[in-house]
Structures are given as structure tokens and as C-alpha cells.
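One structure is given below, encoded as C-alpha cells.
Every read-out reported here was derived from the displayed coordinates using simple, explicitly stated rules and does not represent laboratory data. None of the values given here were measured: they were computed from a predicted structure. Here the Cβ positions follow ideal geometry from the backbone for every residue, glycine too, while neighbour counts run over all protein chains shown.
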Amino acid sequence: MNESGLLPPHEAQALLALCQRHGVATDYVDAFGHRHAVSHEALAALLADAGFVAHSGSEAASGSDLPFAAAVATAARDARRHPLPPVQVVASGADAFEIDVRLPSHLAHVKWRVVDESGGRHEGAVRADRLEAIDRATFDDEAYARYRLPLMLALPEGYHRLSLVGFPGETLLVCAPARCHQPGALEGDARIWGFTLQLYGLRSRRNWGIGDFSDLADFAELAAREGADVVGLNPLHALFPHNPLRASPYSPSSRAQLNAFYIDVEAVPDFHDCGPARERVQSQAFQARLSALRAATLVDHAGVAAAKHEVLRLLYTHFRTRDAVDAESAAFTRFREQGGEALHQHALFEALQANFHAGDTDIQGWPDWPPEYRDPSSPAAARFAAEHTEHVGYYEYLQWQAARQFEAAGVRAKAAGMGLGLYLDLAVSVDRAGSDAWRHRRTFALAARIGAPPDAFNPRGQDWGLPPLRPDRLRESQYRIFIEALRANMRGAGAIRIDHVMMLMRLFWIPAQGTARDGTYVGYPALELFAILALESRRHGCLVIGEDLGTVPEETRDMLGRYGVLSYRLLYFERNGAGRFRAPAEYPPQAVAAVSTHDLPPFAGWWSAHDLKERHALGLIDDAAFDRLREERRRDRQQLIDAVRADGHESLMLPLYSRPRPIRNKAPGLLMAPGARVRPVAA
């Protein structure tokens, strides 16, 4: 760019072409219906941060005064190197399908091979002169054509591999059902209800200061006795064991692994056989630590982590003394085989991070490691894994114990009579310093951040601080990271909620040196993502809920309905054209209705206008806006009561923060007050 910040006309045209190629919107419509044009400067920064074009100060860019034109030319040349698309969706039940291929024009025949998921091979050939040529182009003096290749082949639902004989690469064929799984509990006009909870905040007299999987199982049984069919949970993703204060479940290290701090240590089978562990826990000093952890007003994440690791390491040491033919040893071997590379590399990440963090507490993730360890496939990483098998194995052992305890909680929920069971939350992305970003570094645009544009609730926009996945690299990887996350979160769950489900269609990207006002939307291959979602949903028998709050394009809700993904509707936002609350009967039938969510005020705070007071104190609203909003809230309270009464629920108890009557478990020690017993509110 020149001193005035403007690009030469040729480069400006190339910049826009590059944005179009990579799905980067050059303008967008905000929550108020206003169209925003994104500056060329912001677009250029975003393309560079994403890796779509070299940064202007880099060596790659310094040799060219026209980086955008050069990037467009490079992309066009690269297209001929990939005769097959990385992914193709095939409709379940189809007896034939077509796929676009790019091949040299002089070919006489095109020979193809499909290896289906079960290992079966299917082959065929087509004369090139019988193929439909969509377009033609010349690269390096060689003529190429893009053909539409027909394959007369019926495939079962699943993932299959297509290749062309004599050419590199392969296509992942996703043969998917038209819709996601629909559980029997929701057949016809059936409605169900349940509780949501943040598992870490669940207290009992027997846990170690943080809710655990045994607490979850007990809670689910209690909820089922009250008539609930579902228990919704915060994301249970793996966090950072070396730094327990990085405790946000929406900024995890990995979405494909579990948070090991939810393990009930005393429920691990090795605990009953390990004398040193039982003696440690039963000691007066350790019991005093546990009492202090349980009594803490807030969860003492660091204290909980220290106590659990101290005993879990003893249990792992005991486990390693078991014979290889022991039932527990065999079960662990099966778990490791099923977890494969994803499990092993996550455990390797945690072992490496623990090793480096022990020597320098400022090391907070793989970007701080010595360079030779920042690639999981590097010789240094392989050498560390070979030399520290016990250390890596410990973190695999933790994932095993967490997985079996979570699955047991799901079984108990269903056995207690729940129609749906446990419902998990899938975070929108991960921490850039964590395990997933290390394992899939090439798939992320690590310099960029995701968020949301300014709206009425967040006038400055939102910056979530998380890196986006690059759509092109995500597709090139055949959606490996997405499939891993879905499988990990659907396993043992009756439903999953996809946080910010718009991510399957578009995400709002923010440049590294910018704010939300400098961001724009980047599109994703929605049809392929939804097809994979439907396939995994059916395979796991798992209902899918899409959190569609905020700035939601109409096509997003169309896609949710098309694929049988339930919408997510919040009481606060469900208003009619006059701005009044909808009556219960006016909610859309294919939706989950909730009072609040993790990033909005709880009902008690909303009712008392505590959220407005906090926004005022933080300088997000001025005195005049505070007075106006507080008066609106007073009217909202009355309108909510009127809406409920208009629906014929004269005796409904609105959940205010009085003193709820606790629900006590018959098992000793468990005491919970989910707020289901409340006093009536006067009109």
C-alpha cells in the first residue's frame, strides 16, 4: 500500500479476487441491518494473518511489489496439482454420483478406484471423450480440463476413499444421511425438560472441591426422579493441567479429550487396591486439605489439581504393576488402540508441557517450547516420547479413567429413566497454545482471532481470543479435527450443543493487530460440515442442538431445519414484533428453550438488574443509558409475568433467587440446590 493506505488498481483487484477465493467477505450486514464495507487495509492484514498471503515485511513478500497478484497466480497454478477435490458429499441411498476432476486434456481414459469403509474395492473406467468438460485452462504450456466424472456406484453410509489411477491424492467420500439423529423421546409433539449445570460448581460432601463424574451420575439420578429427561453440561474438554487457573471450558486445550480434574479419584479401581494411595487420602493432613477445598467459596483449581495429581500418580504407579493379561491392563490397551494417534499425541503434549513448565513456569504452551518440539511429528518429539513412555502413559491413563467414569454417568442417567440423558457442549474453538493447536497447527490461522461484530448487547463487538480454523486447510485435512471433536463429544452423550453453530457456515475473524471493528466474516464449506455432522450424529445416536444466538443469517436457520438440528432459544431474546415476551406456545417447535446461557446473566441477576449495574460500573453504558435500561427491565419483568399468565399458567412459580429447598440424595453426603423449588412472585 502507498502512503495514503491505497492499493494500486491491479493489486486492489487481486486483493478482492483473493478474498473471494478464500471466502473472506469484503462487506457484511450487522445486527442492525447496516452494511459495513471492510477496508482494504483490514482485508490485507487478515489475509496475511491467515497465511493466505505473505506478510509485507516477510522475506517472501519483499521480493514482490504485488503480493496479492502473486498469491492469486500461485493459487491458480496449485489448482492443477490437485486432480481430485479433498472431500465430496454423497447422498445416502443414491445409486450414482458425480465428482469434478481436473486432468490433462490429452487423456484417453479415466480410471477410478473406491475403497469403502469396510475395505471393499470398486473400480471402473470412463472414456475421456464421453466426459462433460466444465472449463479448460493452460498451465505451463499444458492444457487441462475440469470434467464431471460420473460414478455408477451405491455406497453405504460412512467414509470412503476415491482415487484416480496414475494420479496423486484421494477424495474422502462422505456418504451421509439427510438429517441428524432424532431421539424417540422427541417423537411427534413430545416435549421434555431438564437441568443445566456447570459441573465444576457442583458441590457434595464427598468430592474434592470440584464437581466430578460421580456427582454427575448422582445428580442425573436425582433429576430423573424429579421427571427430568436431560442434564445439560458445560464443555468437558481438556484444559491445561500445568496451569489450573486457565479454567475456562470455552478456551480448552483440546476438544477431543476430557478434563481429567472431573475424575472421582476414589472411584478409580486402582484406588481400592493401592495401599499407599488410601493411606495418603485417609491421613489427617490430606483430609484437612480436602475439607479446605470443599469449604472454599470458589473452586480452588490449583489446590484441586495438586491433590488429585498427587494421588492419581500413585494409582498409575500401582496400575503399572498389573500383569499384561490382567483385565484392567487389557482394557487400557484397548482404550489406547481406539484412541490412536489423537490420544497419544495429546498425552505427549501434556508430558512435554509438564516437563518444560517444571523448568520454567513462564512456559504456557507449545509456542514457548524449544523450536524442535513445536511439531508433533519432529524427531525431537518422537525421541521424548520414546524416552518418557511412563510420563506419556500417565496422561493416557487419566483420559481412560475420565472416559469410563463419564460413560458410566451416562449409563446411570439412562437407567434412571431419562429419555435423553447427558447433553454436552462443544466449544467454538481452542486455546492457541494447547494440544489441538499443536497437533493441527497447519489447520489453524493462529495469528487471527474470532469474535463477533458490534451489536446492541456488545457495542464494541466481541473478541474471544481464540484462533479460527482455515477453511481451505480444514478441507484439505478432510475435516480430521472436526470429526475427532464430534466423536469425542457424542460418545456417551444423548445430545450435544454446538456453541456458535454459525461456525459451520461462517466465522467473524479479527486481524492480529485489530479490534472487532476491523474484522469480517469468513465462509466455511457448510454442506460438507453439515453432512459430517449428520453422519456422526446418526452413528452415535446423538441429538444435535445449534446455539444460534447473536447475528444469525437466515440461511443458517434454514440449514438447521434442513438437517434436523434444533435451534437454541433464550427467554431473554424471545420477543414478538411489539417487543413483548413470547408466550410459551409461540416458541418454535424444533427448538431447545432455556432461560440463560454461560455468557449471559443468570435469571436472578437479570431480574434484579444486577447485569445492568455491572455494565454501568465497567463503563459499557453511561448514566442516561443505565436509567433507561433499568426502566425497560422493570417493564420486562411485568411483561414476562403477563406472557406466562396469558398462556394459562396462573400458578407458575418464577425462579427468583430465594432460598431453594435442597434436593437430597439418599447416598450420604450429596447436597444440591439446582433452584427447582422457589417462592411465587407477586404480580
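Pair-distance distribution P(r) for the stretch 87-176, from all Cα-Cα distances in 5 Å bins starting at 0: 3, 14, 25, 24, 17, 11, 5, 2, 0 percent. Taking the charge dipole of the chain about its Cα centre, with +1 at Lys and Arg Cβ atoms and -1 at Asp and Glu Cβ atoms, the residue from Leu312, His34, Gly434 reaching farthest to the positive side is Leu312. Filter the DSSP H helices in the chain by two things, a Kyte-Doolittle mean of at least -0.5 and an axial alpha-carbon span of 27 angstrom or more, and list the hits by number. Qualifying helices, which must be both long enough and hydrophobic enough, are 327-359. When the Cα positions of Ala91, Gly232, Leu258 are compared along the charge dipole of the chain, Gly232 comes out farthest toward the positive end, with charges on each C-beta of Lys, Arg, Asp and Glu. Cβ-to-Cβ counts within 10 Å put Met152, Met559 in ascending order as Met152, Met559, the fewest first.
Dipole check for the chain: with +1 at the C-beta of Lys and Arg, -1 at the C-beta of Asp and Glu, and the Cα centre as origin, the magnitude is about 1640 Debye. Only helices enter this figure: runs of n ≥ 4 DSSP H residues, each worth -39500 (n - 2.57), summed and divided by the residues of the chain, yield -11500 deg cm²/dmol at 222 nm to the nearest 500. For the stretch 87-176, a simple Cβ point-charge model (Lys and Arg +1, Asp and Glu -1, everything else neutral) yields a dipole of about 180 debye relative to the Cα centre. Only one residue of Pro67, Gln13, Thr520 has its Cα farthest out toward the positive end of the dipole of the chain, where Lys and Arg carry +1 and Asp and Glu -1 on Cβ, and that residue is Thr520.
Between Tyr587 and Ala37, the FRET efficiency from the beta-carbon distance, with R0 = 30 Å, is close to 0.25. Within the stretch 127-266, the percentage of alpha carbon pairs spaced more than 24 angstrom apart rounds to 62%. Peptides 36-45, 437-446 ranked from most to least packed by the mean count of surrounding Cβ atoms within 10 Å: 437-446, 36-45. Its Cα centre serving as origin, the stretch 356-461 has a Cβ charge dipole (Lys and Arg +1, Asp and Glu -1) of approximately 420 debye.
For the stretch 147-201, the C-alpha radius of gyration sits at 2.06 times the compact-globule guess of 2.2 N^0.38 Å, with N the residue count. Summing Lys and Arg as +1 and Asp and Glu as -1 over all other residues whose Cβ lies under 15 Å from the Cβ of Ser283 gives a net charge of 0. Quick one: Debye curve from the alpha-carbon atoms of the chain only, equal weights, vacuum; give me log10 I(q)/I(0) at q = 0.11 Å⁻¹ to two decimals. Normalising to I(0) and taking log10 leaves -1.34. In terms of surrounding Cβ atoms within a 10 Å radius of their Cβ, Arg475, Arg191 rank from fewest to most as Arg191, Arg475. Here the extension length gained between Ala76 and Asp95 equals 3.5 nm, from 0.36 nm per residue of separation less the Cα-Cα distance.
Remark: Cys274, Cys542 ranked as Cys274, Cys542, counting other beta-carbon atoms within 10 Å and listing the fewest first.
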